[in-house]
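Scroll down for the structure; my scribbles are underneath it.
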Amino acid sequence: MRKIALSVVVVAALLGFSTGCSKHASDDTIVKDIQSRVAADPDTKDSNVAVTAKDGKVTLTGTANSPAAQQKLEQIARSEPGIAGVDNQTSAPPPPPPPPPIVVPAGTDLVVTLSQTLGSKLSQTGQTFLASMAQPVSVNGQTAIPKGSNVTGTVVTAKEKGKIKGEGQLSLALKSVTIGGQTYPIQTVVLDSTIKGKGKRTAATTGGGAAGGALIGGIAGGGKGAGIGALVGAGAGFVGGAFTGNKQIELPAESAVTFSLSAPLTLPPPSQ
């Protein structure tokens, strides 16, 4: 009986030793397998991570190269067969800050092509007019407002010149620009042109401290605005376009007019 009892004890000890070795080998296998998969995965291969396992519980320590890599490391460990759990102690650098917005500064010229004819006799005060960007606007080498972007403006004042007395007046300002399907409000210097007695014309800039814009004839490829002269200079303000037969101010469709931003325009970065 004593011999039988002793044999049972010896067998139990051997089984316990064998089980312990089996567990140890299993932990080693888990670690090697996870390390191999981490090194082969393009999202985690550059991370500096250590893998340990004890009784099937996996511990990850070190630094992941990104928050996404940190999550992927845990996914790889949890998908390992036979594990008892995962303790992810890795750290990751914070995500990079978002790119700054594009700010088009006040004083920037916006050259637009009119989509319709405007005039002291034809237009009405408060009327909305349509135009498009004749030239792109860039800030620090990035295109902020692409050529062809839709623009809306307002006829601030439209006053027909009387045949004998009175003055003709046409004042314009831009109010919005559409970029990538998103419309942004803008503020520009009011461009004003006035005709007084016997066809005398004056040009003025109101609504801002910078010089106003100039009407550029023919910028739309020699269209209806091609015969309109340009008045360019520090105090030019608005050029009143062409005189009609009865001395009215008129800007034909396809005329190009330069407005000046009176306030900065903030736009999202190009990737947004």
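Multiply the residue gap between ALA263 and ALA68 by 0.36 nm, knock off their C-alpha separation, and tell me the result in nm, one decimal place. Working shown, then result.
Values: separation 195, 0.36 × 195 = 70.20 nm, distance 4.06 nm.
Stretched fully, the ALA263-ALA68 segment lengthens by 66.1 nm.
How would you order 47-53, 122-128 from highest to lowest mean count of nearby Cβ atoms within 10 Å?
Working: 47-53: 18.0, 122-128: 13.9.
Those peptides, ordered most packed to least, come out 47-53, 122-128.
Given 0.36 nm per residue, what is the gain on full extension from LEU130 to ALA40 after removing their alpha carbon distance, in nm? If you can, show how the numbers build up before the last one.
Details: separation 90, 0.36 × 90 = 32.40 nm, distance 5.73 nm.
Once the chain is fully extended between LEU130 and ALA40, it gains 26.7 nm.
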Quick note on PHE259, PHE129, ordering by fewest other C-beta atoms within 10 Å, gives PHE129, PHE259
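Quick note: the coordinates plus some simple rules give every number you see, no bench work behind them. No experiment lies behind these values; they were computed from the predicted model shown. Please note: Cβ atoms are built from the backbone with ideal geometry, for glycine as well, and neighbour counts cover all protein chains shown.
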